[in-house]
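First up is the structure itself, then whatever we jot down about it.
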């Protein structure tokens, strides 16, 4: 298997694929045709790279130059988010259980003690 001389361009194009060219052009301050070319696999000039990095930060550099690092980071973020989600689900279950108990208590007939009366007048 030979080395792909267009590997980095392909990674960049794949990263940018979901973004419409006009939106990308606006974000990185370039002509829409330039954005289309970048999305099509042409390597951006330094000025456009500055716009890409300013817009996407480490996400784009990891996706293009270090995809294995990006995958590790994303796996870590997913684990963290799943942990937060489980904590929130547990809190929701506790709140629903509490609300259910409160509704049950409200539905019971009240045990009313004899009403307080004033002491007889003397």
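Name every residue in segment 1-22 that is within 23 Å of residue 62 (Cβ to Cβ), loosely packed, with under 13 Cβ neighbours inside 10 Å and touching a helix residue (DSSP H, G or I) at 6+ places or on another chain (Cβ under 8 Å), in order of residue number.
Across segment 1-22, the qualifying residues are 4, 17.
When you scan segment 8-31, how many residues do you find that are outside any helix (DSSP H, G or I) and under 13 Å from residue 55 (Cβ atoms)?
So the answer is 3.
If I filter segment 38-59 down to residues being on the phi < 0 side of the Ramachandran plot and under 16 Å from the mean Cα position of the chain (by Cα), which single residue comes out as modelled with the highest pLDDT?
56
The values are calculated or read from the model by the stated rules, or taken from the named source; none is laboratory data. Treat the numbers as computed from the prediction; the structure is a model and nothing was measured. Cβ coordinates were reconstructed from backbone atoms using ideal geometry, including for glycine residues, and neighbour counts include every protein chain displayed.
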